[in-house]
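Rule-based calculations on the coordinates, nothing more; no lab input. Keep in mind that this is a model prediction, so the values were computed, not measured. We place every Cβ from the backbone using ideal geometry, glycine too, and count neighbours over all the protein chains shown.
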Amino acid sequence: MKTIKYQDLSDYYEAQIKKGILKTGDKMPSLRQIRSEKKISMTTAQMVYSVLESKDLIVSKPKSGYIVCSPYNHKIQLPEATNPLQKAENSRPEDAAINVYDTIDQKHIVQLSLGIPATSFLPVAALNKCIKNAVNTIDYCGVQYDPIEGNSRLRQQIAKRTLHWNGSITLEDVITTSGCIPALSYCLQSITQPGDTIAVESPVYFGILQLAKHLRLKVVELSTHPQTGINLDSLEKLLKKQEIATLVIVSNFSNPLGYCMPDDKKEKLVQLMTQYNIPLIEDDIYGDLYFGEKRPANCKTFDKEGMVLLCNSISKSLAPGYRVGWILPGKYKDKVIKTKAIQQISDTAITHQAVALYLESGKYEKHLRKLRQDLYVNYVKVTKAILEYFPDETRCTQPQGGLFLWVELDKSINAFTLYKKALQKNIAIMPGIAFSLQDQYTHCIRLSYASEWNDDVEKAIKELGILIHSMSYVK
């Protein structure tokens, strides 16, 4: 009877999912709940969900239970590893990186381009209290400068959080900044000179390309796999034949590919950079936004010689507008402090104190669990919509965290034209040309799943699909 029972129940839930009664992203009843309601044993309940998991109909999320997911994810084809030309490039004469923030305050625009979580995903009320308390707890009510290294309470909390990736950091190892881009900028300015060449993944976050242009740096793009990251063999060949000032990398849930470099590969990368005595700048801004059971390590975890300059921020996880970031500069601390002193004597005292208070409250981990849940649900829904509305030949990444999908369309599609057509219909996306100094991504787009899912978002993805189909037939 037990075998029949669990098969009957698994068939029942499968039908509910396929009919759309239980929708993608819905939370399934807990094991205890179905045990009680269906009057079955816990073992039988577990067998029911095991069958559904094996069919990719549900997925287990730590501390969140079981979530309905698309049964079609296995049909998504991954983009192939990228293969850019390994030559030093200057920035394009035109600004290839479309200003993604032009539409940030236009409420009628459906945002599939921005890499910041929806306001509804953030603990606004708790942060408001921290802002009020910050004025009362900071010296001189925040009207004076913080130390050049940054707010000591905030630095202490940042140091504590490194335990999540097996870091061994004290507040003396932390320099705060006004966000992650300033952090990257200080690091680049501290270890490069105009005319130097830096190596990056490909495609690469357009902000890094803009920084390179501003600092008059040449860029070499590396072959990158959509699941495991840069090709270390290609990197080593480059290091042997060409002088490289630094490698800039987003090792966890990169922007835009979304890959997460395996930990053993991170360790090999750090060893390689140390062997060649070349500093590694690591942006770990998405590291806390993992969908799996535990936070992945970063390259800094394996840094024994102080060669890794780690940059991070709360902009993707807590409060983009507060402009709170930091650097773990390793042995380059003195250089980074001097660079920061020239650029910006002090950070914004009130918001940095407020974030310190929020971290001290112990609420951040609970918030992150909820945020990861919200983002995962969005990821599943956006992926399902792409499968439903985009052409069959579409390829799409399958990130295990972060905020972005990299979508590869048929090569006949001009993604920049698609970007302009979509904007005319009040839909914001990012075309692939923004993420490279070369032309291999003219048929690719980046989509964000950071916005709250609703009918407008689904309609926007459907409209994108219609546009892509129409462009496919225009030769």
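Some observations on this one:
- Only beta bridges with both residues in the chain are counted; by DSSP, about 60 percent of them are antiparallel.
- Cross-link partners of K213 among aspartates and glutamates, defined as those whose alpha carbon lies under 14 angstrom from its own and excluding same-chain residues fewer than eight positions apart: E89, E94, D95, D196.
- The stretch 124-364 pair-distance distribution - Cα-Cα, 10 Å bins, rounded %: 8, 33, 36, 18, 5, 0
- Using only alpha carbons, the stretch 321-475 has a radius of gyration to Kirkwood radius ratio (Rg to Rh) of 1.09.
- Normalised per residue, the volume of the convex hull around the Cα set of the stretch 2-68 (Å³): 78
- The stretch 326-387 has equivalent-ellipsoid semi-axes of 35, 19, 12 Å, by the square roots of 5 times the alpha carbon gyration tensor eigenvalues, sorted largest first.
- The order of D264, D56, going from fewest to most other C-beta atoms within 10 Å of their C-beta, is D264, D56.
- Which of D347, D334 has the fewest Cβ neighbours within 10 Å, and the rest in rising order: D334, D347
- Under the convention that each Lys and Arg Cβ holds +1 and each Asp and Glu Cβ holds -1, the size of the dipole of the chain around its Cα centre is about 1060 debye.
- Cβ-defined net charge surrounding R395, 10 Å radius [Lys, Arg +1; Asp, Glu -1]: -4
- The aspartates and glutamates whose alpha-carbon is closer than 20 Å to the alpha-carbon of K61, local same-chain residues fewer than 8 away aside, are E14, D26, E53, D288, E293, E365, D374, E452.
- Rounded if a/c under 1.5, otherwise prolate or oblate - the stretch 341-432, Cα gyration tensor axes: oblate
- Computed from the alpha carbon atoms alone, the convex hull of the stretch 171-242 holds 128 Å³ per residue.
- The mean of 1/r over all pairs of different alpha-carbon atoms in the chain, once inverted, gives a Kirkwood hydrodynamic radius of 23.6 Å.
- Unsatisfied cross-links (Cα-Cα over 19 Å) in the set K240/K335; K304/K331; K265/K333; K425/K462; K55/K384: K240/K335; K265/K333
- Per-residue [θ]222 nm for the chain (sum of -39500 (n - 2.57) over DSSP H runs n ≥ 4, rounded to 500): -12000 deg cm²/dmol
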